[in-house]
Amino acid sequence: MLTSPLPETVLEDQAAAMPDVSSDSAADFIGLPTLMTLAFNNSPELVALGASLYERVKTNPMDANALLDIAIYLILRGETKVALSMQAIALKTQQIYHYKRPAIPAKLRVLALLGPGDLMANSPFEFLIENQAIALDLMYITPTMGLPESIPEHDVLLVAISESDENQLLLAQATSYLNHWPRPVINHPSRISQLSRDSSCAKLSHLPGVIMPSAKRVSRSMLEECCRAEDNAAPLVEQLHGINYPIIIRPIDSHAGNGLSKIESVSDLTAYLIQSPEDHFFVAPFIDYSNDDGLFRKYRIILIGGKPYVCHMAISARWMVHYLNADMLENADHRAEEAQCMANFDQTFALQHATAFNAIYQQLGLDYVGIDCAQTPDGKLLIFEVDSNMIVHNMDSAEIFPYKKIQMPKLFNAFGQMLAQRCGASL
């Protein structure tokens, strides 16, 4: 049976019941930011840290902090199946994980609600509040495991569970808990649940100044039927309500370009299906968003309380643009353009698309949401994806990307201020 939300009087009694993990003992929870930063920088310290975590578990198989850290470590190494097994053991042992407080005294207590899964299953909010006067606890639930008996005292609750087909049940479960929660809730799960690609298109494609290509859920059998047809185009148009080649296709719940492909003919589609074992896909029309110089520019924008902040602008000769494949490290001219974008963002891109950003914020009703987008040649905002779990970080080299060390703290501070304002506090 699912656990019901605890009344406010119970919440107020929890601080004393929580274990003291504020020391530098080996039992401390390390967490995603530290482990991912080591992995991002290819630090040899990560392997040594992984070995020490295994030693901790050998000494104490019930060390849930070490088990969850090992799960993160293994995911970063690409060993997801084993990682999720370790994660499941950790969550059965313990549902609440406490980050050590920053050196400065905490002025705000944040409780984040998470679910099981890989790095895409939850929003990595931990990066946004590092080095701020914020204490953070992670509280996990699963489809078979409701709220824990003891809930940490907190000023605001932050829903980190991300949208996916797999997470829809968990988001519904979280909604039942949080509809009458005695503290402010950031990103209500009922709103997150509507961020699937097809739902987002239905919500946003009609907004002023916005183009969001219609994404259709398509079964493998439907696509195979299109491949068998003699007429290359007509079956596709009929089955997909007017969508014709070229199309963009990806498996349901895929991210970061995994399984994403541009299909220009029935032979392309046939070859794609041979290599892709999934049963369901998203299909959308391809829109050429290249500029006059033939390059593609893709922006990651975060709306915080409706205000847009730019996280990066990737520039590439390839239509499938991701920051890690856009040669930003190697191309000083592209970095200079990104730096200029960040420096002038409020007076240029944000101002030009202010009506669109405000309409998106009003339509989605989320305090924090990411937008991967571009600008069409005629000046409209072309949206590829909206989601609450896009990774936002400040791990890039200060030597190579000095302008990010100016921009990213602006976003982090805005996020912290938004959390504080929601509960009448100050940082």
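Observations, loosely collected:
- Listed conditions (1) assigned to a loop (DSSP other than H, G, I, E, B); (2) in contact with a strand residue (DSSP E or B) (Cβ under 9 Å, 6 or more places away or on another chain); (3) among the small types (Gly, Ala, Ser) are all met by residue 174, apart from (1).
- Among (1) open to solvent by 10 Å² or more (accessible area, probe 1.4 Å); (2) in contact with a strand residue (DSSP E or B) (Cβ under 8 Å, 6 or more places away or on another chain), the one test that residue 351 misses: (2)
- If you go through segment 27-44 and keep only what is farther than 21 Å from residue 55 by Cβ and surrounded by fewer than 18 Cβ atoms within 10 Å (Cβ to Cβ), you end up with 37, 40, 41, 42.
- Qualifying residue in segment 267-284 (condition: in contact (Cβ under 8 Å) with a residue 60 or more places away in the chain, of a type in the set (A, V, I, L, M) and either surrounded by 15 or more Cβ atoms within 10 Å (Cβ to Cβ) or not in a helix (DSSP H, G or I) (or both)): yes
- Subset of segment 331-348 (residues that are under 25 Å from the mean Cα position of the chain (by Cα), open to solvent by less than 70 Å² (accessible area, probe 1.4 Å) and acidic (Asp, Glu)): 338
- Residue among 63, 118 that is in contact with a helix residue (DSSP H, G or I) (Cβ under 7 Å, 6 or more places away or on another chain) and closer than 30 Å to residue 258 by Cβ: 118
- In segment 321-330, the qualifying residues are those that are without any contact (Cβ under 8 Å) to a residue 40 or more places away in the chain and open to solvent by 50 Å² or more (accessible area, probe 1.4 Å), and the one that is nearest to residue 372 (Cα to Cα) is 324.
- Number of residues in segment 354-376 that are open to solvent by 50 Å² or more (accessible area, probe 1.4 Å) and in contact with an Asp or Glu (Cβ under 8 Å, 6 or more places away or on another chain) equals 0.
- Matching residues, segment 293-309, being part of a strand (DSSP E or B) and either open to solvent by less than 70 Å² (accessible area, probe 1.4 Å) or in contact with a Leu (Cβ under 9 Å, 6 or more places away or on another chain) (or both): 296, 297, 298, 299, 300, 301, 302, 303, 304, 308, 309
- Test for residue 386: is it surrounded by 17 or more Cβ atoms within 10 Å (Cβ to Cβ), of a type outside the set (Asp, Glu), touching a helix residue (DSSP H, G or I) at 6+ places or on another chain (Cβ under 8 Å) and not in a loop (DSSP other than H, G, I, E, B): yes
- Pair list, Cβ < 7 Å and 6+ apart or interchain, from segment 148-163 residues that are within 11 Å of residue 182 (Cβ to Cβ) and assigned to a strand (DSSP E or B) to residues that are open to solvent by less than 10 Å² (accessible area, probe 1.4 Å) and at pLDDT below 95: none
- Screening residue 290 with (1) in contact with a strand residue (DSSP E or B) (Cβ under 8 Å, 6 or more places away or on another chain); (2) open to solvent by 40 Å² or more (accessible area, probe 1.4 Å); (3) more than 18 Å from residue 348 (Cβ to Cβ); (4) assigned to a loop (DSSP other than H, G, I, E, B) gives one miss only, at (2).
- Restricting segment 146-168 to residues that are within 19 Å of residue 29 (Cβ to Cβ) and open to solvent by 20 Å² or more (accessible area, probe 1.4 Å), the residue that is nearest to the chain's Cα centre (by Cα): 153
- One residue from 26, 51 being in a helix (DSSP H, G or I) and either modelled with pLDDT under 95 or aliphatic (A, V, I, L, M) (or both): 51
- A single entry from 202, 215, 174 fulfils the requirement of being open to solvent by less than 10 Å² (accessible area, probe 1.4 Å) and not polar (S, T, N, Q): 174.
- From the list 89, 104, the lone residue that is open to solvent by 70 Å² or more (accessible area, probe 1.4 Å), over 26 Å from residue 166 (Cβ atoms) and free of Cβ contacts under 8 Å to residues at least 40 places away in the same chain is 104.
- Residue 401 vs. criteria assigned to a helix (DSSP H, G or I) and either within 25 Å of residue 195 (Cβ to Cβ) or at pLDDT 95 or above (or both): no
The values are calculated or read from the model by the stated rules, or taken from the named source; none is laboratory data. Keep in mind it's a predicted model, so treat the numbers as computed, not measured. For neighbour counting, all protein chains shown are included, and Cβ atoms are generated from backbone atoms with ideal geometry for every residue, glycine included. Just the protein is used for accessible areas: all its heavy atoms, side chains included, with ligands, DNA and RNA removed. Shrake-Rupley method; radii C 1.70, N 1.55, O 1.52, S 1.80 Å.
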